[in-house]
Amino acid sequence: METNLTGRVALITGASLGLGLAMAKSLYSHGARVALLARRAEPLAAAEETIKVEAAAAGLVHPGGDVASFVCDVANAQELAQAHADCIARFGPVDILINNAGKASAKPFLEATEADWQEDIDLKLMAAVRLTKLVWPDMQAQQRGRIINLLNTMAKAPAANSAPTSVTRAAGMALTKVLSAEGAADGILVNSMLIGFIKSDQIRRQHENSGSEKTLEEFMLAAGQRLPMGRMGEAEEVANLALFLASDAASYITGCAINMDGGLSKVV
């Protein structure tokens, strides 16, 4: 299976921690030039260094691979446009876009304020819309592109007390379908990954906010035992799917919303 990304430029939002960092490591180790976007400079710099050091230690440094970080609040249209321009100046046009930035924001409907709704829409939906509009013309010109939207399983099966996040995630799935239909003729393939319980920075925050007396490992073990596979997923497993969708191996896959949840969702 061909997953060589030499010569490809990948831009990943929310890339300093968790799933974003795992995906960045994977794409970099397969030859991509990777632009990391996140809000905080210090974690971004640490992520950039980690990617280089770990790849070198594992002997995974691929010819052509490179990585650079760009501080950016993706909910801010001006900052997003500047980060995209800086990425192009450093690496050239973007071939692979992974819209990963987001956070859990689930409340009972009546408790969610208009500010909660607007913040969630800007972070999870409009950031993807804006960044996709920025990279789309170059992908059209090249007749090649990959866009991967990281959502969660509530995009297909919303639960009670999950506003506004389940609504914006469902909108992200609709966006994926619209873009896949418009981009197919130009070789732009657009897919979504619907995340379930994965060991990530979000799970760490859930543990901290839960007030549980369990250690983080105990917390994750207990959560995993409730899943059909009996365990939580690893960030590297998410990265494996992202690598496949970003590569030429996935050349006939577009418009899909793929569950990455160990069998959790009742909806296919």
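Every read-out reported here was derived from the displayed coordinates using simple, explicitly stated rules and does not represent laboratory data. What you see is a predicted model, and the numbers here were worked out from it, not measured in a lab. No Cβ is skipped: glycine too gets one built from the backbone with ideal geometry, and neighbour counts run over all protein chains shown.
Taking the three principal axes of the alpha carbon atoms in region 71-149, the coordinate ranges are 47, 22, 16 Å, sorted in descending order. Entry for region 17-159 at q = 0.19 Å⁻¹: log10 I(q)/I(0) = -1.20, Debye formula applied to identical alpha-carbon scatterers, no solvent contribution. Distance distribution note for region 14-54: the fraction of Cα pairs above 16 angstrom is 20%. Roughly what angle does helix 165-183 make with the longest principal axis of the chain, taking Cα atoms, 0 to 90 degrees, to the nearest 10? With both axes taken from Cα atoms, the answer is about 30 degrees.
Rg/Rh, computed from the Cα trace of region 20-94 with Rh as the Kirkwood radius, has the value 0.98. Note on Ala104 and Ala181: the extension gain reaches 24.9 nm, defined as 0.36 nm multiplied by sequence separation minus the Cα-Cα distance.
Amide H contacts of Asn152 (H built 1.01 Å from N, in plane; Pro and chain starts excluded): Ile195 sit under 5 Å, all sequence-distant by 5 or more or on other chains. Relative contact order for region 140-224: 34 percent, from Cα pairs under 8 Å spaced at least 6 residues apart, divided by residue count. If you wrap the Cα atoms of region 121-245 in a convex hull and average its projected area over all directions, you get 8.8 nm². Cβ crowding within 10 Å, taken as a proxy for footprinting-reagent exposure, orders Thr50, Thr13 from fewest neighbours to most as Thr50, Thr13. Here Leu37, Leu216 are placed in order of increasing Cβ neighbour count within 10 Å, fewest first, which gives Leu216, Leu37. Taking Cα atoms only, the orientation of helix 235-246 departs from the longest principal axis of the chain by about 40 degrees. Expressed as a rounded percentage, what relative contact order does the chain have, with Cα pairs under 8 Å and six or more residues apart? Over the chain, the number comes to 20 percent.
What does the charge count around Met229 come to, taking other residues whose C-beta lies under 14 Å from its C-beta (Lys +1, Arg +1, Asp -1, Glu -1)?
0
What number comes out for the charge environment of Ala239, summing +1 per Lys or Arg and -1 per Asp or Glu over other residues with Cβ under 15 Å away? Surrounding charge for Ala239 is -2.
After finding the eigenvalues of the alpha carbon gyration tensor for the chain, what semi-axes result from the square roots of 5 times each, listed largest first in whole Å?
Each semi-axis is the square root of five times an eigenvalue, giving 27, 22, 19 Å.
Is region 185-267 best put as rounded, prolate or oblate by its Cα gyration tensor, with a ≥ b ≥ c the root eigenvalues, rounded for a/c under 1.5, and otherwise prolate when a/b is larger than b/c, oblate when not? Cα axes put region 185-267 in the prolate bin.
Report the relative contact order of region 1-114, percent, no decimals, based on alpha-carbon pairs under 8 angstrom and at least 6 residues apart. With pairs under 8 Å counted, the relative contact order is 33 percent. Across region 170-193, the residues whose backbone nitrogen lies under 20 Å from the label position 7 Å along the beta-carbon direction of Gln143 are 180-190.
Taking the helices alone, the chain has a mean residue ellipticity at 222 nm of -14000 deg cm²/dmol, built from -39,500 (n - 2.57) per DSSP H run of at least 4 residues and averaged over all its residues.
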